[in-house]
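Got a structure for you, written out below as structure tokens; questions coming shortly.
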Amino acid sequence: MLRTLLVIAIGFLPSLFSLWVIRKTHLRTRLRMRQAAMNVSGMRVRQNIRSIEGDTGGSLSGERYYLEGVGYLVGDISCKFNARSGYIRCAVNPDGPCQGCRHYEPKELAGSEQRT
């Protein structure tokens, strides 16, 4: 009877060890993901502060517009590639400047179809 219990206990040891390793790995992964999320949010805050500071005379002044119902938009809003965001100008040239950009294309308006 004692041998049987010993064999069963020894049989369960690898699976118990495996469960312990899996749990430890999950906890470590969760901690790393939490740290990465904290680092990314910290970077976003710094970027937002930098963009606000830039509005006081930096590269964003003159390229920031307020559109009612949408909020602040950055860059030339008449450009086809404008991101319509308060943080980046466009997909092609996100850092700008918009003035003299070689990728500029005027935005086509829905109501501007030509009639023949």
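Bear in mind these aren't lab numbers, they're just calculated from the coordinates by the rules spelled out. Since this is a predicted model, take the numbers as computed values, not measurements. In this analysis, Cβ positions are derived from the backbone assuming ideal geometry, glycine residues included, and neighbour counts consider all displayed protein chains.
Give the span of the range 62-108's Cα atoms along each principal axis, as three whole-Å numbers ordered largest to smallest.
30, 23, 17
Would you work out the relative contact order for the range 62-108, in percent, from Cα pairs under 8 angstrom that are 6 or more residues apart?
30 percent.
Going by C-beta contacts inside 10 Å, put SER78, SER85 in order with the fewest on the left.
SER78, SER85
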